[in-house]
Each structure stands twice: as C-alpha cells, then as structure tokens.
C-alpha cells in the first residue's frame with residue numbers, strides 16, 4: 001500500500017476515495033432539500049453544517065413593481081450607453097478545456113470585449129423560436145465576469161472606499177448581501193456577481209471555495225452537481241493556459257497560448273460534458289437541479305457543478321468565503337486526490353483529443 005518513499009499506492013488511494021464516495025452516497029443519496037421560503041439565519045447555519053444543495057422557491061432579489069423589470073428593454077433602459085465587459089468565445093465554452101489549432105488541449109479563457117448593454121443583449125436569444133436573437137453572429141457572448149461586478153468585499157470595508165461597478169445603475173435593484181446568510185456565517189460576501197446569457201453558453205464542471213447563494217431572475221439554469229466526495233470522478237488534469245483574442249476588430253477569434261514561463265498550468269476536469277451518456281463512471285451519482293426564475297440555489301463550497309441555461313437568462317450570485325479552519329479545506333483537497341494530476345496532453349494528445357474537448 002505504501003512504497004519505499006512513503007507514498008500511497010495508486011490502487012490503495014483509488015480504493016479509499018471510492019470507499020468514501022460510496023459511504024457518503026449510501027448515507028445521503030441523490031436527493032436535495034426544497035424550501036418554500038428563505039431560511040432564518042439559524043436554519044441556514046444548519047444547512048451549511050450539513051453541506052448539501054438546497055433549492056429555495058423564493059428569490060433573494062426583491063420583486064419590482066414594474067412588470068418589465070429585468071427584461072431586455074428594462075435592462076437596456078437602466079444601463080443606457082454605459083460600456084460593459086463581455087466574455088466572447090467561438091463556441092460558448094469559456095473557462096473550459098478546448099482543442100487548439102496545434103492539436104493540443106488548453107484551458108481557454110474568453111476574449112473580453114467592451115460593448116454597450118443594448119448591443120450585448122441583441123446577441124442573445126429570447127428563449128422562444130418566434131423571437132430569436134436579432135444579431136446573427138457565430139460568436140457567443142456571455143456576461144460572466146466573476147470579480148464582484150456588482151459589489152466587491154471593499155464595499156463592506158471600514159475605509160468607506162468602494163470598487164467602481166460597470167453596473168452601477170443596477171445596484172439599486174440588487175441587495176449587497178443576503179442577511180440570513182451574512183448573519184449565519186458572520187461575514188459579508190466576497191463578491192456579488194451579475195450573470196446574463198442564453199442557452200449558447202455552457203459552464204464547464206468545476207468547484208469553488210465559496211458558499212454560493214445563486215438566484216435566477218429570468219430564464220432557468222440547469223445544474224448538474226456532484227459532491228466533493230466524487231471529485232475523483234472528474235479526472236482532473238493539468239493544461240496549458242490560452243486566451244481567445246483577435247488581431248483586429250473585424251477578425252475572427254483565435255486561441256492564443258500563454259507563455260509557459262510566466263503562466264502556470266491550470267488544473268481542470270477533463271470531462272467536457274458530465275451529462276453525456278458514459279461521460280462519468282458508474283460510481284458517480286450526479287444530482288440534477290433546475291433553478292427557475294424567482295428561485296434560489298444554495299450551493300455549498302466544494303461542490304462540483306456544470307451549468308446550462310434556458311433561453312435569455314439573468315441571475316445574481318453571492319459568494320461567501322468558506323470557513324477553512326478545522327478539517328473542511330483539508331478534506332476538500334483530499335477528495336480531489338493526494339497526488340498532482342497528470343498532464344492533460346499526455347493522454348490522447350493531438351487532433352482527436354481536441355475534437356473530444358469541443359464536444
């Protein structure tokens with residue numbers, strides 16, 4: 001079980017992780033709790049302790065008297081000609097493993113493009129066949145900046161300073177915190193983010209070190225979730241970094257590899273689509289949750305999630321830093337494996353591997 005250098009053998013490590021995964025599934029199954037209204041701070045602290053996803057059939061975003069609130073027209077009217085940062089890709093797969101022209105696999109970040117909100121919204125479908133997107137473009141646009149684009153932690157600081165927001169006109173309609181969550185965790189959010197997109201954008205499977213409160217305002221989000229104990233199912237690998245870029249305003253996007261000297265390899269799942277038949281091993285037990293407009297998902301820290309959207313979708317999420325004292329952080333890292341993952345381009349490297357990543 002242990003070699004001469006004191007390392008766990010691959011077979012023992014694999015058996016241990018699978019045993020823990022099976023034990024967890026045997027105790028918890030694939031069900032998730034559903035609440036008809038938001039919890040109290042005491043109730044939420046218990047949910048955090050259990051660390052299971054919870055669907056709350058109530059939004060943390062207050063309803064507006066204007067029936068058009070959060071429609072394309074309403075958002076455009078509030079934002080006017082203010083420029084915003086929009087993620088652009090040729091395939092709707094930002095922050096995902098993608099094949100490059102050289103046949104190698106890369107962790108690809110999107111091109112960031114400045115545009116007005118009305119121009120951006122014209123690139124998105126409306127969720128109905130009768131009213132598709134008005135701009136015919138092969139490129140996919142998604143408002144997905146994850147840097148606290150509405151509120152950052154500095155908003156709650158003692159200095160009175162605040163980071164500027166590209167979405168300042170929308171701040172009056174989004175609470176800066178979730179009171180029952182802030183009280184239960186005894187902290188303010190690290191980031192509050194606005195997400196706007198459509199079904200062309202897909203979020204690749206990953207996990208975050210944050211307690212996540214995710215409210216859908218328009219459209220719907222389809223989450224595929226796996227507990228931290230099933231991290232071994234995601235087959236993490238290390239990939240070189242690349243970014244989509246264009247050499248001129250009218251040029252097509254190209255995937256440009258980053259310098260291997262200044263940019264470290266990125267650890268990411270090699271499973272392109274966990275919802276595809278046979279993509280996950282039989283030992284995996286994914287949980288499927290659809291969050292509709294007016295509903296909120298509590299996604300505990302460390303849970304793996306893959307997200308698809310349904311039509312024109314608007315959502316806001318609150319990231320609260322997890323409690324990393326005690327055993328929580330240690331366990332989350334252990335579930336991902338005790339060795340550095342292998343290089344992603346070592347297995348099946350070449351054009352065929354790139355094609356698989358694109359699927």
Worksheet item: Per the Kirkwood treatment, what hydrodynamic radius in Å, one decimal, follows for region 79-227 from the mean inverse distance over all distinct Cα pairs?
Response: 17.4 Å
Discussion item. What does the C-alpha gyration tensor say about the overall shape of region 46-117? Classify as rounded when a/c is under 1.5, otherwise prolate if a/b is larger than b/c, or oblate.
Written reply: oblate
Fill in: the chain: calculated mean residue ellipticity at 222 nm from DSSP helix runs of at least 4, using -39500 (n - 2.57)
-5500 deg cm²/dmol
Response to the item:
One computes Rg over Rh for region 210-310 from alpha-carbon atoms, with the Kirkwood Rh, and obtains 1.05
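Specify whether the C-alpha gyration tensor of region 200-256 places it in the rounded, prolate or oblate class, a ≥ b ≥ c being the square roots of the eigenvalues: rounded for a/c under 1.5, otherwise prolate if a/b is larger than b/c and oblate if not. Walk me through the intermediate numbers first.
On the way: a/c = 2.91, a/b = 1.43, b/c = 2.04.
Taking the square roots of the gyration eigenvalues as a ≥ b ≥ c, region 200-256 is oblate.
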Worksheet, complete the sentence: Final fewest-first order of 12, 107 on the 10 Å Cβ neighbour count is 12, 107
Worksheet item: Cα-based Rg of region 234-275 per 2.2 N^0.38 Å, rounded to two decimals?
Response: 1.49
Item to complete: Give me the distance in nm between label points sitting 7 Å out from Cα along the Cα-to-Cβ direction at residue 49 and residue 260, one decimal.
Response: 5.1 nm
Worksheet item: Once you put a point 7 Å from the Cα of residue 147 and another 7 Å from the Cα of residue 41, both along the Cβ direction, what distance in nm separates them?
Response: 3.2 nm
Worksheet item: What number in nm² do you get for the chain if you take the convex hull of its Cα atoms and divide its surface by four?
Response: 20.7 nm²
Fill in: Ranked list, fewest to most other Cβ atoms within 10 Å of each Cβ, for 259, 207, 328
259, 328, 207
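Taking 0.36 nm per residue of sequence separation and subtracting the Cα-Cα distance, how much length would be gained by fully extending the chain between residue 67 and residue 343, in nm to one decimal? Walk me through the numbers on the way to the answer.
Values: separation 276, 0.36 × 276 = 99.36 nm, distance 5.13 nm.
The residue 67-residue 343 span can extend by a further 94.2 nm.
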Practice prompt. Report the full-extension gain for the segment residue 85 to residue 159: residue separation times 0.36 nm, less the Cα-Cα distance, to one decimal in nm.
Written response: 23.9 nm
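Every read-out reported here was derived from the displayed coordinates using simple, explicitly stated rules and does not represent laboratory data. Nothing here was measured: the structure is a model prediction, and the numbers come from that model. A quick note on method: Cβ atoms are made from the backbone with ideal geometry, for glycine too, and the neighbour counts reach across all protein chains shown.
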